[in-house]
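S.K.: Got a structure for you, questions after.
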């Protein structure tokens with residue numbers, strides 16, 4: 001699948017960017033921290049925003065990830081009070 005309207009997201013590379021990775025085996029990472037479940041996401045995001053992170057969450061999901069797992073992450077992000085969610089894709093050249 002291709003992202004026909006891809007836009008560069010340089011702020012996603014910042015050290016304080018809120019990046020949630022969803023692996024194909026449903027393993028979750030928030031930045032470099034492995035999470036036990038999506039229930040940890042709202043409080044961790046709230047802490048990050050209080051510490052000065054941008055009020056935007058970047059989601060990276062393996063293309064083989066279950067759709068339901070990604071939806072759970074989005075719901076958890078919304079539970080934190082943030083609404084701006086961006087999906088990161090990898091460009092193969």
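Rule-based calculations on the coordinates, nothing more; no lab input. In this text, all values refer to a predicted model and were calculated from it rather than measured experimentally. Cβ: placed from backbone, ideal geometry, glycine included. Neighbour counts: every protein chain shown.
S.K.: Need one number: nm distance between label points at residue 29 and residue 16, each 7 Å from Cα along Cα→Cβ, rounded to one decimal.
M.R.: 2.2 nm
S.K.: Here's another thing I want to ask about it. Return the percentage of antiparallel bridges among DSSP beta bridges fully within the chain, rounded to the nearest 5 %.
M.R.: So the antiparallel bridges in the chain amount to around 40 percent.
S.K.: For Cα pairs less than 8 Å apart in space and 6+ apart in sequence, what is the mean separation divided by the residue count of the chain, i.e. the relative contact order in percent?
M.R.: Numbers: 125 pairs, mean separation 29.6, N = 93.
It rounds to 32 percent for the chain.
S.K.: Run the Debye formula on the Cα coordinates of the range 1-69, all scatterers equal and no solvent, and tell me log10 I(q)/I(0) at q = 0.19, 0.22, 0.25, 0.28 1/Å.
M.R.: Each listed q corresponds, in turn, to -0.83, -1.04, -1.20, -1.31.
S.K.: Let me ask something else. At q = 0.13, 0.19, 0.22 Å⁻¹, what log₁₀ I(q)/I(0) does the range 34-76 have when each alpha carbon counts as one equal point scatterer in the Debye sum?
M.R.: One equal scatterer on each Cα of the range 34-76 leads to -0.31, -0.64, -0.82.
S.K.: Also, I was wondering about something else. Ignoring everything except DSSP H segments at least 4 long, calculate the 222 nm mean residue ellipticity for the chain; use -39,500 (n - 2.57) per segment, divide by total residues, nearest 500.
M.R.: The helix-only estimate for the chain comes to -7500 deg cm²/dmol at 222 nm.
S.K.: Also: Suppose the chain between residue 66 and residue 36 were pulled fully straight at 0.36 nm per residue; how much longer would it get relative to their current alpha carbon spacing?
M.R.: Gain on stretching residue 66 to residue 36: 9.1 nm.
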